[in-house]
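Report on the structure given below.
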Amino acid sequence: MAKVLISDKLSPTAVQVFKDKGVEVDYLPDLGKDKDKLIEVIGQYDGLAIRSATKATEKVIAAADNLKVIGRAGIGVDNVDIEKATQRGIIVMNTPFGNSITTAEHAIAMMFAVARQIPAADASTQAGKWEKSKFMGVEITSKTLGIIGCGNIGGIVATRAVGLKMKVIAFDPFLSPERAVELGVEKVELADLFKRADFISLHTPLTDKTRNIVSADAIATMKDGVRIINCARGGLVDEDALAEAIKSGKVAGAAFDVFTNEPAKENVLFGLPNVVCTPHLGASTSEAQENVAIQVAEQMADYLVNGAVSNALNMPSITAEEAPRLTPFVKLSDQLGSFAGQLTESGLKGIRIEYEGDVAEMNTRALTSVVLAGVLKPLLQTVNMVSAPAMAKERGITIEETRREQQGNYENYIRLTLVTERQERSVAGTVFGDAKPRIIQIKGINMEAELGENMLYITNKDKPGFIGRLGTLLGTSELNIATFNLGRKQAGDDAIALIEIDGSISDAVIAEIEALEGVVQAKALKFSV
């Protein structure tokens with residue numbers, strides 16, 4: 001039974017979700033604050049469910065010998081070393097949709113607050129003052145809202161703003177024209193957004209490209225009196241430049257829920273006129289906390305129990321619905337990759353994977369990850385489908401994937417070609433109606449073979465007497481033949497034998513086979529079945 005550690009405070013409902021799905025769970029909500037203790041115990045667990053208090057650092061991940069998945073209840077994964085997790089084959093999941101509405105609503109609330117100076121007016125009134133003329137606000141109706149990042153949360157903000165009769169413009173390189181029309185927004189370039197917007201709301205991840213996207217130079221191009229809202233990530237706005245712009249009157253106000261350094265006990269924006277600040281409350285509603293806790297528990301349990309992968313940041317998703325249909329092709333992909341990898345003795349330069357027929361319509365990204373893991377495993381023992389793409393990239397191996405409709409006799413067909421420093425070698429396979437994978441072609445030679453745990457692969461010249469000599473040698477070595485599969489290009493030309501053996505094949509026996517007349521190559525192969 002899979003075992004999960006919850007090391008941060010999550011809803012009790014999440015604990016029950018794990019139990020209902022057959023996963024053992026330890027709920028230790030304060031353990032995330034004790035790094036040494038976490039390192040001490042993490043090796044016992046298959047899954048780690050966290051919020052923001054637990055830091056899944058390189059040291060924690062290095063101690064996690066059995067860990068298969070880290071689930072973050074929330075969007076941000078700044079507290080997880082994703083690169084190290086990937087290298088160790090650990091899936092990192094988040095819950096990008098569980099708190100989307102809550103965060104979007106907070107951005108709208110912050111926009112209202114800064115438009116009408118509500119926090120300052122509240123403090124003044126409760127202090128016994130009646131400064132009605134001091135707090136002159138602006139309407140948002142008919143104003144232009146510029147949204148930077150129009151994904152899930154940004155899209156919700158856009159629809160709410162359209163409902164408030166605002167003109168909404170959006171900068172997002174991945175926003176399609178069709179989606180822009182659906183949301184009722186105008187897609188613009190960033191420079192145009194800065195020039196036209198009365199309010200600017202940020203909803204983009206923090207990356208090298210988006211860090212300080214609102215810079216001093218950007219602010220200089222904005223309208224006088226612009227108001228800036230950031231409920232996304234600290235670091236998207238140059239806080240020093242913004243503070244100077246507020247002091248000069250260039251920017252009329254700002255509303256921030258996130259800061260470059262958190263917890264923000266001190267900040268250059270604090271105390272400035274018409275600056276509204278909240279302590280990272282974007283996801284802080286009872287509904288959102290419940291949603292993300294349940295979602296992360298369901299995702300992790302589905303992966304540990306059924307192999308379904310959703311909202312993973314370091315591997316393709318596999319839905320619970322497609323997992324059963326994909327399973328035989330996962331096995332075929334693993335066997336193709338392992339077959340080619342075990343036969344490769346020179347440096348790899350490239351990998352080509354062709355999907356044809358029904359399989360081309362499936363989740364081929366996941367299958368490609370499985371193929372890569374199979375290829376690399378003989379060289380890198382710890383590799384799996386999570387870490388394989390990253391390891392291939394690190395080693396400069398080019399990956400090419402093509403998909404096409406059925407062209408031959410097989411309803412589904414996968415061909416793997418390895419490009420080495422010396423040659424290209426290909427192997428192809430299919431899955432028949434019995435859901436069992438078969439090898440159907442090796443180096444352009446047609447054959448049909450089902451792989452067992454111990455296989456003997458031989459290439460030889462097609463000459464009379466070879467099979468008899470081979471059979472005699474195996475018999476003398478007390479190796480029983482389970483299946484015997486043959487293929488050749490044409491009479492007297494190159495031939496291949498792929499033989500399942502009951503038991504392991506020693507190096508000494510391989511040496512004897514290589515000494516047989518006509519043998520070009522002989523190799524013992526092992527597969528997980």
Picking from Val92, Val60, Val77, the residue that is part of a strand (DSSP E or B) and either surrounded by 22 or more Cβ atoms within 10 Å (Cβ to Cβ) or among the hydrophobic types (A, V, I, L, M, F, W, C) (or both) would be Val92
What are the pairs with Cβ atoms under 7 angstrom where one residue, in the stretch 316-337, is of a type in the set (Val, Ile, Thr) and modelled with pLDDT under 85 and the other, located anywhere, is in a loop (DSSP other than H, G, I, E, B) and surrounded by fewer than 18 Cβ atoms within 10 Å (Cβ to Cβ)? Sequence gap at least six, or different chains. Ile318/Gly307; Thr319/Ser310
For the stretch 221-239, state whether one or more residues are over 24 Å from His106 (Cα atoms) and polar (S, T, N, Q). yes
If only one of Ser124, Ser133 is among the hydroxyl-bearing types (Ser, Thr, Tyr) and part of a helix (DSSP H, G or I), which one is it? Ser124
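Can you tell which of Thr483, Thr430, Thr459 is of a type in the set (S, T, N, Q), loosely packed, with under 15 Cβ neighbours inside 10 Å and at pLDDT 90 or above?
Just one listed residue meets the conditions, Thr483.
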In the stretch 437-477, the residues that are more than 25 Å from Asp507 (Cα to Cα) and in contact with a helix residue (DSSP H, G or I) (Cβ under 7 Å, 6 or more places away or on another chain): Pro437
If Lys247 passes every condition in (1) outside the structural domain of Tyr457 (by TED's automatic domain parsing); (2) among the charged types (D, E, K, R); (3) buried (at least 18 other Cβ atoms within 10 Å of the Cβ) but one, which one does it miss? (3)
Scanning the stretch 401-420 residue by residue, those more than 13 Å from Leu367 (Cα to Cα), at pLDDT 85 or above and part of a strand (DSSP E or B) turn out to be Arg404, Asn412, Thr417, Leu418, Val419
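Collect the residues in the stretch 21-37 that are touching a residue at least 40 places away in the same chain (Cβ under 8 Å) and at negative phi, keeping them in residue-number order.
Filtering the stretch 21-37 down to residues touching a residue at least 40 places away in the same chain (Cβ under 8 Å) leaves 21-23.
Answer for the stretch 21-37, where residues must be touching a residue at least 40 places away in the same chain (Cβ under 8 Å) and at negative phi: Lys21, Val23.
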Inspect all residues belonging to the stretch 406-419 and state whether any of them is more than 19 Å from Glu354 (Cβ to Cβ) and surrounded by fewer than 16 Cβ atoms within 10 Å (Cβ to Cβ). no
Flag if Phe194 is touching a residue at least 40 places away in the same chain (Cβ under 8 Å) and either in contact with a strand residue (DSSP E or B) (Cβ under 7 Å, 6 or more places away or on another chain) or over 28 Å from Ser124 (Cα atoms) (or both): yes
Just to be sure, is Ala197 of a type in the set (Gly, Ala, Ser) and over 18 Å from Gly154 (Cα atoms)? no
Quick one: would you say Asn460 is assigned by TED's automatic domain parsing to the domain that holds Glu354, farther than 16 Å from Gln342 by Cβ and of a type in the set (S, T, N, Q)? yes
Index of the failed condition, Glu424 passing every other in (1) modelled with pLDDT of 90 or more; (2) within 40 Å of the chain's Cα centre (by Cα); (3) within 21 Å of Gln342 (Cα to Cα): (1)
Of the residues in the stretch 203-227, those that are crowded, with 19+ Cβ neighbours inside 10 Å, over 27 Å from the mean Cα position of the chain (by Cα) and assigned to a loop (DSSP other than H, G, I, E, B) number 1
Taking Arg160 as the residue in question, decide whether it is surrounded by 16 or more Cβ atoms within 10 Å (Cβ to Cβ), at pLDDT 95 or above and out of contact with any strand residue (DSSP E or B) (no Cβ under 7 Å at 6 or more places or on another chain). yes
For the list (1) at pLDDT 95 or above; (2) not in a loop (DSSP other than H, G, I, E, B), I need the number of the one condition that Gly154 fails. (1)
Mind checking which pairs have a first residue in the stretch 230-259 that is under 21 Å from Pro279 (Cα atoms) and a second that is of a type in the set (Lys, Arg) and surrounded by 19 or more Cβ atoms within 10 Å (Cβ to Cβ), Cβ under 9 Å, 6 or more apart or different chains? Gly253/Arg227; Ala254/Arg227; Ala255/Arg227; Val258/Arg233
Check whether at least one residue in the stretch 363-373 is at pLDDT below 90 and part of a loop (DSSP other than H, G, I, E, B), and report yes or no. yes
Identity of the residue in the stretch 173-202, in a loop (DSSP other than H, G, I, E, B) and in contact with a helix residue (DSSP H, G or I) (Cβ under 7 Å, 6 or more places away or on another chain), that ends up nearest to Val237 (Cα to Cα): Val185
It is to be established whether one or more residues within the stretch 305-313 are more than 16 Å from Gly71 (Cβ to Cβ) and without any contact (Cβ under 8 Å) to a residue 24 or more places away in the chain. no
Over the stretch 185-218, the set of residues at pLDDT 95 or above and not aliphatic (A, V, I, L, M) is Glu186, Asp192, Phe194, Lys195, Arg196, Asp198, Phe199, Ser201, Asn212, Ser215, Asp217
Anything in the stretch 374-390 that is part of a helix (DSSP H, G or I) and either modelled with pLDDT of 80 or more or crowded, with 21+ Cβ neighbours inside 10 Å (or both)? List them, or say none. Gly374, Val375, Leu376, Ala388, Pro389
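The values are calculated or read from the model by the stated rules, or taken from the named source; none is laboratory data. What you see is a predicted model, and the numbers here were worked out from it, not measured in a lab. Every residue, glycine among them, receives a Cβ derived from its backbone with ideal geometry; neighbour counts consider all protein chains shown.
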